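Below is one structure, written out as structure tokens; comments come after it.
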Amino acid sequence: MTWELLWQIIFIFFTAVFAVMAVAITFLGARDIRRLFERLKEPEPPEEEA
């Protein structure tokens, strides 16, 4: 195994990891934002004064 091959493998591996994380964060973030807006639509319960 040459140094060039080693760095190519490392580069490809971490590029793939980045791509998977970017897709996951995009979809999970969109889901969280959707939940946030759904929760904001709900009426707030009345606050009780002490």
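List of remarks:
- Filter pass, residue 44 being outside any loop (DSSP other than H, G, I, E, B) and either more than 13 Å from the chain's Cα centre (by Cα) or of a type in the set (S, T, N, Q) (or both): no
- Of the residues making up the range 1-19, those that are among the hydrophobic types (A, V, I, L, M, F, W, C) and exposed (fewer than 10 other Cβ atoms within 10 Å of the Cβ) are 1, 3, 5.
Read-outs: derived from the displayed coordinates by stated rules, not from any lab. Owing to the predicted nature of the structure, the values given are computational and were not obtained by experimental measurement. Cβ atoms come from the backbone with ideal geometry, glycine included; neighbour counts cover every protein chain shown.
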